[in-house]
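Engineer: Shown below is the structure under consideration.
The values are calculated or read from the model by the stated rules, or taken from the named source; none is laboratory data. This structure is a prediction, so every number in the text was calculated from the model and none was measured. Cβ placement follows ideal geometry from the backbone for every residue including glycine, while neighbour counts extend to all protein chains displayed. Calculation scope for accessible area: heavy atoms of the full protein, side chains included, ligands and nucleic acids excluded. Shrake-Rupley method; radii C 1.70, N 1.55, O 1.52, S 1.80 Å.
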Amino acid sequence: MRRYPVARCVAVAAMATLALAACGPTSESGSGVGSGKGHGTIGVSFDLLNAVRTSEKSAIERAAASAGYKVVFDVADQDAQKQASQIQDLIQTRRVDALIVIAQDGKQIASSISLAKARHVPFVTIDRAVADEQDVSFQITGDPHADGELAADEFIAAARTKPLKVLELVGALTDQNAIGRRDGFGNTLKGHADLTVVSQVPTDWDPSQALDGTSNALQKNPGINAIFVPSDFLLPSVQSALSTAKRLAPVGDTKHVFLVTIDGDQNGCKAIRGKTLDADIATRVDQFGTEAVQAITTTLAAEVVVPKTVRSAGVTLDQANFATVKARVWGCGD
Amino acid sequence: MKPATRVRDALLAGARQPLLLVLLVLLLALSVSYGDFASTANFRNIAVQASPLTIAAVGATYVIITAGIDLSVGSMLFLAAAIESSHALAGVPAGLVFLTVTAAGVGMGLVNGIAVTATRVPALVVTLATLQVFRGAGGHITGQQNITLAANLRGIGTAAALGVPAPVWLAAGAAVGGGLLFSRTVFGRYLQAVGSHRDAAVHAGLPVRRVTAGAYALAGLLTALASLTQTGRLGAVQPSIGQGYELTVVTAVVLGGTSLFGGRGSITGTVLGALVLTTAQTGLVFSGASPYVFDIVRGAVLLVAVLAAAMRWRDLARAVGPTVLRPARSRSSRRKPAKKW
């Protein structure tokens, strides 16, 4: 331990600096407090933070602020154990009045739900369904199966003018949203002779795999003229692959590859506006925040929330209805 | 040395790589099975897709040869991409952005290297910590948002020179430069010495700490280069970039014959490892396999790589003999046990 003291100090200082940079005073990590009137505090625990989650967080903060709640925010970095510890801390140490949770794992969250129930803390889950639905105060999720069906409807409509050879990208095979979207899409397409899924490529929600998979599929099946992208954040990868294959053309062009995505984020909205995307099934992110906070108010008033479980299908945004529907799509906001 | 002799030596070196045969068989099988597989466009496609992995894996080879490991590769890739897309570098000429990103890569590698050498904490633990730190820092910079990359930064992933895509040129440069550094320089020999027997290297007076830190710095540099190439291809920076990439990189390196225990490996093997992985991935799409099969194949390749590495280690142990690789026993313990009556 007597040798290289300077090097050790540099190493420790560098690590500490980077750690501090990573845990800086942002609303994305650690805890943030929204503006409230002091009616109580809502603890929010997210599985991760990305573009969709950032919008969900904003929706919760807006709804909480208008209802007079403070918000304490934690992110579990896709670690179910970490999320359980954070929720325990929110309940026992920070003594929040209610919880809004996006579970990293719908089954492993059971112990946190039990703890909240034992301490009489309302537990609201959003976006991802949990196994113990009967023990949560309220649950509102998207309906991935219905979203997949809505996406398939767009393909069925487009196939009326010309037969479609479809490349279907699939998200992570361990994610219920990815599986729901895939199944809804696949089941709806069955029996339509003018629609053929010629290739099904897993992406593991990884943009690089989406890029390589799309390039490979276009190489194998040059006749592909339609692509189902299960999330907006994979859209740049798909467009990059189309561009490399010299297949990227605007809607209406004879070379255009028919594209439908799900989420309704800024990428999707921008692409529809730029006429490079045909349709986007937008998740009702604002509705999640509003209804979750309403449910907490109801539960804290010792009333029962009815219905206890809500599955909210997305809204179809396409070239025809863009002007009228964009206001309801979270990614089209300023 | 005459050029013909060099070519012959290179061919012989290639022939010593069992993975070359695996790659050739794989290419042949896929070409026979799927007529459109054996096309120039598809081989170009495979070469481009393998390029970022090749570049990152060459860097990881240096680290693994020193008996180290770098689990922060994927997070470094993301942080480098985040720096590239940051507001601070908006409007800055592409060359300066690339220089900044590669310098940041060296810095990240040095953080790993210095932490490993100065603290003697296992590299696995150190780089597991920096994996979190780098990803957190990247998230801080991007705000976890999807960021579209400026057009002038995309050329490194999409342009071509003399008909060869830029990523392939970069991967070839990393492989050739990396190979020469490994086989023709004192630094390369020191790397092997440190990985073979660290204590012996220390006693021989080799600059073990500087060599180890240098290996991590090089890995950081090449990971940043891989990041520039990959984001150039993608055209956007997303928070999920590089997640789990360390597993793919280590698979390519170990598949290429580099020992996880250090001291032995080759850049040629690593390049072949990256090509085999990418070719298999492309082959799966061509085969129309179920999406579930992709994960099975990926896991199986990693398992084969690790088993092959373990078998090679046992072969090495047998060849070198017990005196070197087993703890020395005292004279008394070497005596035959007394017969029991």
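Engineer: What are the pairs, 6+ residues apart or on separate chains, where a residue within the stretch A:56-77 that is closer than 22 Å to A:G333 by Cβ has its Cβ under 6 Å from a residue that is of a type in the set (D, E, K, R)?
Structural biologist: A:A59/A:D286; A:V71/A:E61
Engineer: Also, quick follow-up: Check A:G191, A:G142, A:G171, A:G184 and return the single one that is of a type in the set (G, A, S) and in contact with a His (Cβ under 6 Å, 6 or more places away or on another chain).
Structural biologist: Testing whether each residue is of a type in the set (G, A, S) and in contact with a His (Cβ under 6 Å, 6 or more places away or on another chain) leaves just A:G184.
Engineer: Among the residues of the stretch B:113-132, is any closer than 30 Å to A:G268 by Cα, at the interface with chain A (Cβ under 9 Å from one of its Cβ atoms) and open to solvent by 30 Å² or more (accessible area, probe 1.4 Å)?
Structural biologist: yes
Engineer: Here's something else I'd like to know. Out of everything in the stretch B:29-50 that is buried (at least 16 other Cβ atoms within 10 Å of the Cβ) and closer than 24 Å to B:A175 by Cα, what residue ends up being farthest from the other protein chains (Cβ to nearest Cβ)?
Structural biologist: B:A47
Engineer: Within the stretch B:133-163, count every residue that is more than 12 Å from every other protein chain (Cβ to nearest Cβ), outside any strand (DSSP E or B) and small (G, A, S).
Structural biologist: Selection size over the stretch B:133-163: 3.
Engineer: Scanning the stretch A:150-174 for residues that are open to solvent by 10 Å² or more (accessible area, probe 1.4 Å), within 16 Å of A:T316 (Cβ to Cβ) and touching a residue at least 24 places away in the same chain (Cβ under 8 Å), which turns out nearest to the chain's Cα centre (by Cα)?
Structural biologist: Top of the filtered list is A:L150.
Engineer: From the list A:D286, A:D280, A:D265, exactly one residue is touching a residue at least 40 places away in the same chain (Cβ under 8 Å), in contact with a helix residue (DSSP H, G or I) (Cβ under 8 Å, 6 or more places away or on another chain), closer than 17 Å to A:D232 by Cβ and surrounded by fewer than 20 Cβ atoms within 10 Å (Cβ to Cβ). Which is it?
Structural biologist: None of the others qualify; the one that does is A:D286.
Engineer: Which count do you get for residues in the stretch B:198-220 that are closer than 16 Å to B:R264 by Cβ and surrounded by fewer than 17 Cβ atoms within 10 Å (Cβ to Cβ)?
Structural biologist: Residues that pass the stated criteria total 1.
Engineer: Right, next: For the stretch A:293-330, what are the residues that are hydrophobic (A, V, I, L, M, F, W, C), buried (at least 16 other Cβ atoms within 10 Å of the Cβ) and under 23 Å from the mean Cα position of the chain (by Cα)?
Structural biologist: A:V293, A:A295, A:I296, A:V310, A:A313, A:V315, A:L317, A:F322, A:V325, A:V329, A:W330
Engineer: When you go through A:K270, A:K246 one by one, which is the residue that is basic (K, R), within 19 Å of A:N50 (Cβ to Cβ), open to solvent by 50 Å² or more (accessible area, probe 1.4 Å) and within 14 Å of chain B (Cβ to nearest Cβ)?
Structural biologist: Being basic (K, R), within 19 Å of A:N50 (Cβ to Cβ), open to solvent by 50 Å² or more (accessible area, probe 1.4 Å) and within 14 Å of chain B (Cβ to nearest Cβ) holds for just one of A:K270, A:K246, which is A:K270.
Engineer: Find all pairs meeting these conditions: Cβ atoms under 9 angstrom apart; at least six residues apart or on different chains; first residue within the stretch B:180-199 and β-branched (V, I, T); second residue outside any helix (DSSP H, G or I).
Structural biologist: B:V194/B:T66; B:V194/B:A67; B:V194/B:L206; B:V194/B:G262; B:V194/B:G263
Engineer: May I pose another question? Taking the stretch B:227-258 as the region of interest, how many residues are closer than 22 Å to B:T185 by Cβ and open to solvent by less than 10 Å² (accessible area, probe 1.4 Å)?
Structural biologist: The total comes to 3.
Engineer: Separate question: If you go through the stretch A:51-106, how many residues are touching a helix residue (DSSP H, G or I) at 6+ places or on another chain (Cβ under 9 Å), of a type in the set (K, R) and surrounded by fewer than 19 Cβ atoms within 10 Å (Cβ to Cβ)?
Structural biologist: 1
Engineer: Might you check whether a residue that is of a type outside the set (V, I, T) and more than 21 Å from B:G59 (Cβ to Cβ) occurs anywhere in the stretch B:162-178?
Structural biologist: yes
Engineer: Since B:M1 meets every condition but one in (1) modelled with pLDDT of 90 or more; (2) assigned to a loop (DSSP other than H, G, I, E, B), which condition does it not meet?
Structural biologist: (1)
Engineer: What is the number of the single condition among (1) open to solvent by less than 10 Å² (accessible area, probe 1.4 Å); (2) of a type outside the set (G, A, S); (3) at pLDDT below 90 that A:L211 does not meet?
Structural biologist: (3)
Engineer: Quick one: is A:N177 assigned to a helix (DSSP H, G or I) and within 11 Å of chain B (Cβ to nearest Cβ)?
Structural biologist: No; evaluated as a whole, the condition is false for this residue.
Engineer: Being under 20 Å from B:Q144 (Cα atoms) and away from every other protein chain (no Cβ under 14 Å) is the filter here; which residues of the stretch B:83-104 pass it?
Structural biologist: Scanning the stretch B:83-104 gives B:E84, B:H87, B:L89, B:A90, B:V101.
Engineer: Only one of these is touching a residue at least 24 places away in the same chain (Cβ under 8 Å) and open to solvent by 10 Å² or more (accessible area, probe 1.4 Å): A:D147, A:D132, A:D127. Name it.
Structural biologist: A:D127
Engineer: Pairs, please: C-beta under 6 Å, at least 6 apart or cross-chain, first residue under 17 Å from A:T214 (Cβ atoms) and within 7 Å of chain A (Cβ to nearest Cβ) and in the stretch B:281-298, second in a loop (DSSP other than H, G, I, E, B) and open to solvent by 50 Å² or more (accessible area, probe 1.4 Å)?
Structural biologist: B:F286/B:Y34
Engineer: Would you confirm whether any residue within the stretch A:275-282 is at pLDDT below 95 and among the acidic types (D, E)?
Structural biologist: no
Yes or no, residue by residue, for (1) assigned to a strand (DSSP E or B); (2) in contact with an Asp or Glu (Cβ under 8 Å, 6 or more places away or on another chain):
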| position | (1), (2) |
| --- | --- |
| A:G184 | no, yes |
| A:N187 | no, yes |
| A:Q200 | yes, yes |
| A:Q209 | no, no |
| A:Q219 | no, yes |
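Residue-wise test of (1) aromatic (F, W, Y); (2) buried (at least 22 other Cβ atoms within 10 Å of the Cβ); (3) facing chain B (nearest Cβ under 9 Å); (4) closer than 22 Å to B:L228 by Cβ.
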{"residue": "A:V197", "(1), (2), (3), (4)": "no, no, no, no"}
{"residue": "A:G223", "(1), (2), (3), (4)": "no, no, no, no"}
{"residue": "A:V229", "(1), (2), (3), (4)": "no, yes, no, no"}
{"residue": "A:L234", "(1), (2), (3), (4)": "no, yes, yes, yes"}
